[in-house]
Amino acid sequence: MTNYIYPKFGYLRSKEQADGIVKRHPIVVIGAGPIGLTAALDCAARGQPVVVLDDNDTVSIGSRAVCYAKRPLEIWDRLGCATPMVDRGVSWKVGKVFFHDQLSYQFDLLPESDHQWPAMINLQQYHLEEILVAKCRANPLIDLRWKHRLISLKQAADYAKLAVETPDGIFTMEAQWVIACDGANSDTRKMVGAEFTGQFFQDRFLIADVVMKADFPTERWFWFDPPFHPGQSVLLHRQADNIWRIDFQLGWEADPDEEKQPERVIPRIRAMLGDGAQFALEWVSIYQFACRRIDNFRQGRVLFAGDAAHQVSPFGARGANTGVQDIDNLAWKLAMVLRGEAPVALLDSYHEERAYAADDNILNSTRATDFITPKTKVSRYFRDAVLELAQHHAFARPLVNSGRLSVPTPYLTSALNTPDVDLAVGEMRPGTNAADAPISIAGKPSWFLHCLGNGFTVVTFGKATEKTVIEIGPLAARILRVGRDIEDSSGLLAARYGASPGTTYLFRPDQYVAARWTGFDEAKIIEAMLRATGQDSAGQKELAA
Amino acid sequence: MMLNLAPNIANPDDFYAELINSQRNLDEEQALRMNARLILLLANHIGDRKVLTEAIACARAAGG
Ligand SMILES: Cc1cc2nc3c(=O)[nH]c(=O)nc-3n(C[C@H](O)[C@H](O)[C@H](O)COP(=O)(O)OP(=O)(O)OC[C@H]3O[C@@H](n4cnc5c(N)ncnc54)[C@H](O)[C@@H]3O)c2cc1C
């Protein structure tokens, strides 16, 4: 029933399979979904050659992710693909929640102006993946291999041995590091014997993509118990190409096979849109949602990311959004380890930081799902009470939970942070992702985040140093002086960073704050850089030697 | 602040009668729905998270 034509990427026999020679690659990514493709781009951006294996030869089939948040767009911008995504998609920031036929609550995701990227865009997952694939194909460091299924993985002390099946049979390859991005049913996860536990929700959802010309505004609309779908919830989102996403909650008793039939789906949509509505079904699927996480994101030489590492219910659009942030966290660490600039132990901080974020996402998604699908009669009364009261009284509106949309989880407790010592002002605590701000470089307008992300960066306000770089062993940080290298003519950068003359920040390669001080002190910066790369004092001596 | 477990309502008999009478013509479901609204209204008025946690724990423990 779909109008979208799925591209066929085409299988190619690899030279190593043809030659029958076992090759050891620095990084092999399993799975070319949004997370595996992002992993390939980020590793390549950090100078590492990558092989990507995918058992299929096209993009994601059917109705999956729609909403991508500001932070993933910032990451994709660092990788050169946010602009085509935003151009192809639709941007939005207002959400409305209705109870019966009354508006009970409204939110605006990004009340602060002067950010480069919108709060959210909506774009079909297949379009998003096409953009990522095109970007990967244009990168000589990335070797995309379609119709390559991983069928077994064995770990040695410093590499993994992979058996891969292609239309030409089975061959063996080796990888110093494997990034497993093979989705919620990850085969790789089973091969390493990792646990993947959590909660399944006793509810079913009909997810329909509908082609129509409609005059709904570009906003997220969520109904609890609307007259057109009594007793259940409905979510409406606009996507690109006049396609709309409609989620109908069906309840646990619904029969998934029957509910998928157009003769069941069409009347539901007609009830919602009215008898005169002109629409066609693009795709329909039925889901049961779950929230689960892997026990450890690092299993020896295998690093798990995306749905292979954690699964969330989609209320809050946290799946792909958080998976992209896994990669943002992992790629620079892996590249440093491969270059010998940081100890292997740095990769344990990947688990520490991203499992912390996954737990935060799971907590938020579970709470939203519990609000949408109350587990008992009395919890349903509480839920309805919140919705009723929210129509008349402001106090109840923050309690309405139709999904708290994805925002980055700060790594406030991470061992890589240097805790604040002197009086620090503002929200940009160590472990927080850098806030963007408009700046200019040699009179040309730009954005602050464009100045970060290539390795470590020191940003200092005032005239505390003439240096342009700080080095310790193989580690280096560029120094950006506000007023010398970049201009903060609007003052927004200083405002967002609580800066006064002397204020100095150290940013990690993933644009997170590693440390901040009220003055510029090279010795402290070096210490913070070592800490942010997982080096204890023994490691420091090793580097200095 | 701590949860106040000492008598704090003037004219307790009046209050109790008002509470019970307010649900006189409601069926069980309506009364439970009203209770939910009432709890939320009162909880917001109290606001103090520590006090709310204490109250929830106290109500949950059989016999208070
Ligand atoms: C209805 C719905 C709505 C959603 N909405 C949103 C949203 O709005 N925003 C959001 O951020 N997320 C959303 N998500 C979640 C999002 O779709 C997933 O988080 C995302 O697809 C995960 O990407 P991934 O790359 O980790 O895994 P996948 O997309 O599952 O990709 C895994 C890839 O691995 C390949 N593979 C599997 N096994 C092997 C093997 N043995 N060998 C080689 N290759 C293999 C597969 O072919 C596939 O290409 C939604 C999900 C659903 C179901």
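The rows are residues; the columns are (1) without any contact (Cβ under 8 Å) to a residue 60 or more places away in the chain; (2) more than 13 Å from the ligand (Cβ to nearest atom); (3) part of a strand (DSSP E or B).
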site	(1), (2), (3)
A:Val164	no, no, yes
A:Phe171	no, yes, yes
A:Ala184	no, no, no
A:Met191	yes, no, no
A:Pro217	no, yes, no
A:Phe228	yes, yes, no
A:Ile246	yes, no, yes
A:Ala254	yes, yes, no
A:Asp257	yes, yes, no
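The single condition among (1) crowded, with 18+ Cβ neighbours inside 10 Å; (2) small (Gly, Ala, Ser); (3) assigned to a helix (DSSP H, G or I); (4) at pLDDT below 95 that A:Ala317 does not satisfy is (3). Going by the structure shown, is A:Gly33 surrounded by 24 or more Cβ atoms within 10 Å (Cβ to Cβ), closer than 30 Å to A:Ile246 by Cα and small (Gly, Ala, Ser)? The answer is yes for A:Gly33.
Taken together, A:Gly62, A:Gly10 contain a single residue that is closer than 25 Å to A:Ser406 by Cβ and surrounded by fewer than 23 Cβ atoms within 10 Å (Cβ to Cβ), which is A:Gly62. Look at A:Gly33 and say whether it is modelled with pLDDT of 95 or more and closer than 30 Å to A:Ile286 by Cβ. Against the criterion (modelled with pLDDT of 95 or more and closer than 30 Å to A:Ile286 by Cβ), A:Gly33 qualifies. Might you let me know whether segment A:393-401 holds any residue that is basic (Lys, Arg) and in contact with a helix residue (DSSP H, G or I) (Cβ under 6 Å, 6 or more places away or on another chain)? Among the residues of segment A:393-401, at least one is basic (Lys, Arg) and in contact with a helix residue (DSSP H, G or I) (Cβ under 6 Å, 6 or more places away or on another chain), which makes the answer yes.
Per-residue answers, yes or no, for (1) crowded, with 19+ Cβ neighbours inside 10 Å; (2) within 30 Å of A:Ala335 (Cβ to Cβ); (3) more than 14 Å from every other protein chain (Cβ to nearest Cβ):
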site: A:Arg354; (1), (2), (3): yes, yes, yes
site: A:Asp360; (1), (2), (3): no, yes, yes
site: A:Leu405; (1), (2), (3): yes, no, yes
site: A:Asp420; (1), (2), (3): no, yes, yes
site: A:Val425; (1), (2), (3): no, no, yes
site: A:Ile439; (1), (2), (3): yes, yes, yes
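Which residues, counting only those in segment A:22-43, are over 25 Å from A:Thr409 (Cα atoms) and more than 9 Å from the ligand (Cβ to nearest atom)? Residues satisfying the conditions are A:Val22, A:Lys23, A:Arg24, A:His25, A:Pro26, A:Ile27, A:Val28.
Being free of Cβ contacts under 8 Å to residues at least 12 places away in the same chain, away from chain B (no Cβ under 14 Å) and closer than 27 Å to A:Ile35 by Cα is a condition met by at least one residue of segment A:341-352. In segment A:374-386, the count of residues that are within 29 Å of A:Arg204 (Cβ to Cβ) and within 16 Å of the ligand (Cβ to nearest atom) is zero. Does A:Asp114 qualify as being surrounded by fewer than 17 Cβ atoms within 10 Å (Cβ to Cβ), assigned to a helix (DSSP H, G or I) and either within 14 Å of another protein chain (Cβ to nearest Cβ) or away from the ligand (no atom under 16 Å from the Cβ) (or both)? Criteria not met by A:Asp114. In summary, strands (runs of 3 or more DSSP E) completely within segment A:393-492 and bearing 1 or more residues that are under 30 Å from the mean Cα position of the chain (by Cα) occur at A:438-441, A:444-447, A:456-461, A:475-482.
Check segment A:498-519 and report whether any residue there is more than 18 Å from A:Gly426 (Cβ to Cβ) and free of Cβ contacts under 8 Å to residues at least 60 places away in the same chain. No, segment A:498-519 has no match at all.
Assess whether A:Ala208 counts as being of a type outside the set (S, T, N, Q), outside any loop (DSSP other than H, G, I, E, B) and more than 30 Å from A:Asn3 (Cβ to Cβ). No; evaluated as a whole, the condition is false for this residue.
When residues in segment A:1-47 are screened for being part of a loop (DSSP other than H, G, I, E, B), in contact with a Phe, Trp or Tyr (Cβ under 9 Å, 6 or more places away or on another chain) and in contact (Cβ under 8 Å) with a residue 60 or more places away in the chain, 14 of them pass.
Quick check on A:Leu452: is it under 24 Å from A:Gly340 (Cα atoms) and in contact with a helix residue (DSSP H, G or I) (Cβ under 8 Å, 6 or more places away or on another chain)?
Criteria not met by A:Leu452.
From the list A:Phe315, A:Phe304, which one is under 18 Å from A:Arg64 (Cα atoms) and either within 12 Å of the ligand (Cβ to nearest atom) or within 14 Å of chain B (Cβ to nearest Cβ) (or both)?
A:Phe315
In the set (1) surrounded by fewer than 21 Cβ atoms within 10 Å (Cβ to Cβ); (2) touching a residue at least 40 places away in the same chain (Cβ under 8 Å); (3) within 16 Å of the ligand (Cβ to nearest atom); (4) under 19 Å from A:Pro438 (Cα atoms), A:Leu73 fails one condition alone, (1).
Being within 29 Å of the chain's Cα centre (by Cα), more than 21 Å from A:Arg367 (Cβ to Cβ) and polar (S, T, N, Q) is the requirement here; does A:Thr197 meet it? Spelling it out, it is not the case that A:Thr197 is within 29 Å of the chain's Cα centre (by Cα), more than 21 Å from A:Arg367 (Cβ to Cβ) and polar (S, T, N, Q).
The values are calculated or read from the model by the stated rules, or taken from the named source; none is laboratory data. Keep in mind it's a predicted model, so treat the numbers as computed, not measured. With ideal geometry, Cβ positions are generated from the backbone for all residues, glycine too; neighbour counts draw on all protein chains shown.
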